[in-house]
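Asks: Okay, handing you the structure first.
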Amino acid sequence: MKVTDHIKQAKGNTLFSFEIIPPVKGKSIQELYDSIDPLMEFKPPFIDVTTSREEYVYLDRDGLLDKKLTRMRPGTLGICASITHKYNVDTVPHVLCGGFTKEETEYLLVDCHYLGIDNVMALRGDAMKEEKYFSATNGGHQFASDLVSQIQDLNKGNYLHEVIETDNCADFCIGVAGYPEKHMEAPSLKSDLKRLKHKVDLGADYVVTQMFFDNKKYFEFVDEARKMGITVPIIPGIKPIAVRRHLHLLPQVFRVDIPEDLIEAVEGCKNNKEVRQVGVEWCIEQSKELKDAGVPVLHYYSMGKSDNIKAIAKEVF
Ligand code: FAD
């Protein structure tokens, strides 16, 4: 079922959902199940599965370094299929521009369609580790908006090289990313919102936000988006701080601000067990306020750790 239909069906009640990251290759899928199991009691209608960009590894060949391109966390689609099969829940694979040609994207979407997957998140992806800026893969897309167009074309039976007249068209519900504190490369929040509007105009059905730690940023973002004519659901994505180094890491990687009160509370902790508790309590307060404001879904970035998300969900749902 489509994410937007789940939202309609909930009739104003806030739903619980979360995002998981495929394990590093070679690890068992059981570890993933172990992190999902404790969260199933909160009845997520859908679970997102991220896709990681390819990266270079350097192999020592008799003293010479051999540079190889590889994907360390493959298996997004397989994981989606396994989770749907095991838990009878919808899954949302993240589809990236970076690292994929348009042909490969088409094959992936055809696989999604055959698997009965109704939703996809259309994302550009970040620059590769070695790159300063994102550069499109040869034969791939430059912006998430281009990916939205490709998915919408497929929904109409327009494949890359031919129009296929079929009564079995895909009908993907498309999610896209939004940034309450603006995307790191955007010159301003307003110009970033225009880009978001463009994705929605091309056919994106809902937005999931980057994490934020100050709800005011989310509320202002939604206000601005509505003024600009973006009417689709805007789902807040949130994450509890879990270790002290998140204070530096999260702003560095995601370009998000951390409120002073939260910084002080984390800095006052004696160890990471205390930090985790502070992070959970902050996220509970954030979640309660967002829920009271009537957000359609609270979407948690679990990052493979479910114990803190469970502690939060217990207080909120
Ligand atoms: P876009 O919408 O293409 O925007 C990228 C930048 O380009 C923005 O600054 C925008 O303002 C600008 N822009 C857009 N269109 C144009 C245009 N026509 N001309 C000029 N500028 C333009 N990354 C992963 O690798 N894997 C994941 O699974 C993943 N999941 C995510 C889930 C969520 C909810 C979020 C918020 C992010 C996720 N990301 C993921 C990170 C995401 O890939 C990065 O933030 C990436 O840098 C931007 O992706 P986007 O889809 O927002 O790109």
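Asks: Considering only the range 137-158, state which residues are surrounded by 15 or more Cβ atoms within 10 Å (Cβ to Cβ), on the phi < 0 side of the Ramachandran plot and either in a loop (DSSP other than H, G, I, E, B) or among the basic types (Lys, Arg) (or both).
Replies: Scanning the range 137-158 gives Thr137, Gly140, His141, Phe143.
Asks: For the range 95-119, how many residues meet the condition of being within 11 Å of the ligand (Cβ to nearest atom) and either surrounded by fewer than 21 Cβ atoms within 10 Å (Cβ to Cβ) or β-branched (Val, Ile, Thr) (or both)?
Replies: 2
Asks: Return the pairs, sorted by first residue and then second, in which the second residue is at pLDDT below 90, the first residue lies in the range 58-74 and is polar (S, T, N, Q), the beta carbons are less than 6 Å apart, and the residues are 6+ apart or on different chains.
Replies: Thr70/Val57
Residues are listed down the side, and each one gets a yes or a no for (1) within 15 Å of the ligand (Cβ to nearest atom); (2) surrounded by 12 or more Cβ atoms within 10 Å (Cβ to Cβ); (3) modelled with pLDDT under 90:
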residue: Ser52; (1), (2), (3): yes, yes, no
residue: Asp60; (1), (2), (3): no, no, yes
residue: Leu65; (1), (2), (3): no, no, yes
residue: Ala81; (1), (2), (3): no, yes, no
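Asks: Still on this structure: Which of the residues belonging to the range 201-211 are away from the ligand (no atom under 11 Å from the Cβ) and touching a residue at least 24 places away in the same chain (Cβ under 8 Å)?
Replies: Once the filter is applied, which keeps residues that are away from the ligand (no atom under 11 Å from the Cβ) and touching a residue at least 24 places away in the same chain (Cβ under 8 Å), the range 201-211 yields Gly203, Asp205.
Asks: When the residues of the range 169-185 are filtered to those that are under 10 Å from Val120 (Cβ atoms) and not β-branched (Val, Ile, Thr), which remaining residue is farthest from the ligand (Cβ to nearest atom)?
Replies: In this case the residue turns out to be Ala170.
The values are calculated or read from the model by the stated rules, or taken from the named source; none is laboratory data. From a predicted model like this one, the values you see are computed outputs, not experimental measurements. Glycine gets a Cβ as well: all are built from the backbone with ideal geometry, and neighbour counts include every protein chain shown.
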